[in-house]
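Note sheet for the following structure.
The values are calculated or read from the model by the stated rules, or taken from the named source; none is laboratory data. Note that this is a predicted model, so its numbers are computed, not measured. Every residue, glycine as well, gets a Cβ built from its backbone with ideal geometry; the counts of neighbours run over all protein chains shown. Protein only, heavy atoms only, side chains kept; ligands, DNA and RNA dropped before computing areas. Shrake-Rupley method; radii C 1.70, N 1.55, O 1.52, S 1.80 Å.
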Amino acid sequence: MFTGIVEELGEIVRVTATAGDSALVAVRGPLVTSDARHGDSIAVNGVCLTVVEVADGTFTADVMGETLRRSALGALRPGDPVNLERAAALGSRLGGHLVQGHVDGVGELISREPAEQWETVRFRLPAALSRYVVEKGSITIDGVSLTVAEVGADQFAVGLIPTTLKLTTLGAKGVGDPVNLEVDVLAKYVERLLGARLADGPTGPVGGVAALDGVA
């Protein structure tokens, strides 16, 4: 589990194709590797990866074909910057929101509107994810926890402050660039619970308000 607060701007060192359609990715990140060990989780542009090896400020991770297909990691090349975050520790501050590191879809940056103190950035939203995105709700873009400023049927906008523009990859993203999107996991659980309630009807196992409260 992560919080969407980027700890370090890392760099892709190499991408090596392995058996099948998977790859071994090496990422330079002196901060996140300072206490990393084999088996630890590190989010790379919002994708939870498992550390295979750590050496000289660089860690390697196996990336399955499924992950490459369903995220923007497959487009990364050596030298590309990436947002890095170590898994959250119990008892630490939750600065962003609960982030699983499981990408729900790939969006596309469609416009940037600079202002005096911030920048409004708009992204295309996959149709299957639109019902989970609400104004003033949370969304994760390339591993960065952000608040939705505007939302439409197939797009949404966020406001980026100077710190986010400087310390994450979002400051250098251009129109047409892909981004990893993870919607708020709470929205997906609510949908599942309400869907089961409607399917079971008023007398089903989660048909009443009291029963729904009980499973919450």
Checklist entry - Based on what the data block shows, is VAL106 surrounded by 17 or more Cβ atoms within 10 Å (Cβ to Cβ) and touching an Asp or Glu at 6+ places or on another chain (Cβ under 7 Å)? => result no
Item to check | Residues of the stretch 16-52 satisfying the condition of being open to solvent by 70 Å² or more (accessible area, probe 1.4 Å) and either modelled with pLDDT of 95 or more or in a loop (DSSP other than H, G, I, E, B) (or both) | outcome: ALA19, GLY20, ASP21, ARG28, PRO30, LEU31, SER34, ASP35, ARG37, HIS38, THR50
Checklist entry - Of all residues in the stretch 166-181 being among the hydrophobic types (A, V, I, L, M, F, W, C) and assigned to a loop (DSSP other than H, G, I, E, B), which is least open to solvent (accessible area, probe 1.4 Å)? => result ALA172
Checklist entry - Which one of these does GLY74 not meet: (1) outside any loop (DSSP other than H, G, I, E, B); (2) out of contact with any helix residue (DSSP H, G or I) (no Cβ under 7 Å at 6 or more places or on another chain); (3) farther than 12 Å from VAL27 by Cβ? => result (2)
Checklist outcome for this item: Selection from the stretch 53-71 of residues out of contact with any helix residue (DSSP H, G or I) (no Cβ under 8 Å at 6 or more places or on another chain) and either in contact (Cβ under 8 Å) with a residue 60 or more places away in the chain or surrounded by 15 or more Cβ atoms within 10 Å (Cβ to Cβ) (or both) yields VAL54, GLY57, THR58, PHE59, THR60, ALA61, ARG70, SER71
Item to check | Number of positions in the stretch 115-124 that are modelled with pLDDT of 95 or more and not aromatic (Phe, Trp, Tyr) | outcome: 5
Checklist entry - When you scan the stretch 1-15, how many residues do you find that are among the aliphatic types (A, V, I, L, M), in a strand (DSSP E or B) and open to solvent by 10 Å² or more (accessible area, probe 1.4 Å)? => result 3
Item to check | Checklist (1) under 11 Å from the mean Cα position of the chain (by Cα); (2) open to solvent by 20 Å² or more (accessible area, probe 1.4 Å) applied to GLU85, failing item | outcome: (2)
